[in-house]
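S.K.: The structure that follows is given in the form of structure tokens.
Please treat every number below as a calculation from the coordinates, not as lab data. In this text, all values refer to a predicted model and were calculated from it rather than measured experimentally. No Cβ is skipped: glycine too gets one built from the backbone with ideal geometry, and neighbour counts run over all protein chains shown.
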């Protein structure tokens with residue numbers, strides 16, 4: 001049972017990680033929230049698939065492959081950067097009930113599956129990614145509340161007005177509610193992507209927008225967390241976010257310069273012809 005408070009707002013919660021049990025099997029709130037996110041996405045994708053002219057049956061076939069692969073990659077990412085612990089306790093690698101799924105690992109797994117699937121089905125990769133990313137952002141927003149219930153993925157000690165009181169290892173502390181920061185940011189990102197979905201100007205616009213903003217969100221919030229996956233003194237997810245952000249900015253600058261050159265040559269050609 002976790003006891004969580006928000007002192008400045010006079011709110012307190014006493015929450016169990018376990019929602020209910022079926023026989024000897026305990027069902028966690030985290031799993032329920034992730035399942036809700038998947039169900040919302042599955043139904044929403046049916047309507048959105050028409051905008052992208054992709055058959056809904058094809059999307060369902062992709063999800064059957066993509067969901068388990070994403071979970072495996074999310075786990076592998078977490079295990080790789082906690083290798084010393086899991087080398088000593090190898091059976092814990094498959095015990096995801098104790099937590100340990102990294103969103104970046106899941107995204108990497110999903111992208112690999114989507115690229116291979118699109119190549120096989122002759123679908124534009126960027127169209128399919130654009131179809132999915134709004135619901136990825138929404139799923140992240142919902143899933144972070146699982147971290148709240150578990151009393152995990154929090155930040156360092158703070159006296160911020162938004163501080164969250166928790167008891168960890170028998171010690172009461174007031175910390176940054178980083179789950180809340182990311183939940184609000186990714187929910188906002190979902191609304192931005194939903195707007196762009198109806199005003200999409202080019203294939204890949206939603207994907208680039210998601211990666212750009214989520215990289216910023218994660219880079220900032222990761223710097224506040226106390227449970228980051230580390231490589232020496234480097235926060236892995238923060239580093240990946242920064243590299244991704246640099247890559248996207250470079251990608252956009254490349255095409256901006258390329259388009260300007262095209263316009264310059266076209267205008268030069270027009271002037272030459274008119275002369």
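S.K.: Pull out a ≥ b ≥ c, the square roots of the eigenvalues of the alpha-carbon gyration tensor of segment 172-255, then state rounded if a/c is under 1.5, prolate if not and a/b is larger than b/c, and oblate in the remaining case. All intermediate terms of the calculation are to be shown ahead of the outcome.
M.R.: On the way: a/c = 4.19, a/b = 1.50, b/c = 2.79.
It comes out oblate by the Cα gyration axes.
S.K.: Is the shape of segment 1-116 rounded, prolate or oblate, going by the alpha carbon gyration tensor and its root eigenvalues a ≥ b ≥ c, with a/c under 1.5 for rounded and a/b larger than b/c for prolate? Please report the intermediate quantities before stating the final value.
M.R.: On the way: a/c = 2.05, a/b = 1.30, b/c = 1.57.
Oblate.
S.K.: What's the exposure ranking of 237, 21, 203, going from fewest to most Cβ atoms within 10 Å?
M.R.: Least crowded to most crowded, the residues run 21, 203, 237.
S.K.: Starting from the Cα-Cα distance between residue 202 and residue 98, subtract it from 0.36 nm times their residue separation and give me the gain in nm to one decimal.
M.R.: Values: separation 104, 0.36 × 104 = 37.44 nm, distance 4.17 nm.
Fully extending the segment from residue 202 to residue 98 adds 33.3 nm.
S.K.: Further question: Taking a label point 7 Å from the Cα of residue 122 along the Cα→Cβ vector, which residues of segment 57-86 have an amide N closer than 18 Å to it?
M.R.: Of the residues in segment 57-86, 57-59 have backbone N under 18 Å from the label point off residue 122.
S.K.: Rg/Rh for the chain to two decimals, with Rh computed the Kirkwood way over all alpha-carbon pairs. Walk me through the numbers on the way to the answer.
M.R.: Values: Rg = 21.8 Å, Rh = 20.9 Å.
Taking Rg over the Kirkwood Rh, I get 1.04.
S.K.: Provide the convex hull volume over Cα atoms per residue for segment 31-74, in Å³. Spell out each step's value before the answer.
M.R.: Details: hull volume 3.2 nm³, N = 44.
It comes to 72 Å³ per residue, whole-number rounded.
S.K.: Mind sorting 176, 154 by how few other Cβ atoms lie within 10 Å of their own Cβ, fewest first? Working shown, then result.
M.R.: Values: 176 20, 154 24.
Fewest-to-most Cβ neighbours within 10 Å comes out as 176, 154.
S.K.: Given a 10 angstrom Cα cut-off, can you work out which residue in 139, 100, 250 is the most mobile in a GNM of the chain?
M.R.: Greatest mean-square fluctuation among the candidates belongs to 250.
S.K.: Then there is this: For segment 90-166, what class follows from the C-alpha gyration tensor (a ≥ b ≥ c being the square roots of its eigenvalues): rounded when a/c is under 1.5, otherwise prolate if a/b is larger than b/c, else oblate?
M.R.: Details: a/c = 3.71, a/b = 1.79, b/c = 2.07.
Note, shape of segment 90-166 comes out oblate.
S.K.: Using just the helices of the chain, give the 222 nm mean residue ellipticity in deg cm²/dmol: DSSP H runs with n ≥ 4 each add -39,500 (n - 2.57), and the total is spread over all residues, rounded to 500. Let's see the in-between values first.
M.R.: Working: 8 runs with 177 residues, N = 275.
After summing the helix terms and dividing by the residues of the chain, the value is -22500 deg cm²/dmol.
S.K.: Against the longest alpha carbon principal axis of the chain, how many degrees, from 0 to 90 and to the nearest 10, is the axis of helix 103-121 turned?
M.R.: 40
S.K.: For helix 178-197, report the angle its Cα long axis makes with the longest principal axis of the Cα atoms of the chain; keep it between 0 and 90° and round to the nearest 10°.
M.R.: Once rounded, the angle reads 30 degrees.
S.K.: Here's another thing I want to ask about it. Fewest to most neighbouring Cβ within 10 Å: what's the order for 131, 253?
M.R.: Working: 131 23, 253 10.
Exposure proxy ranking, most exposed first: 253, 131.
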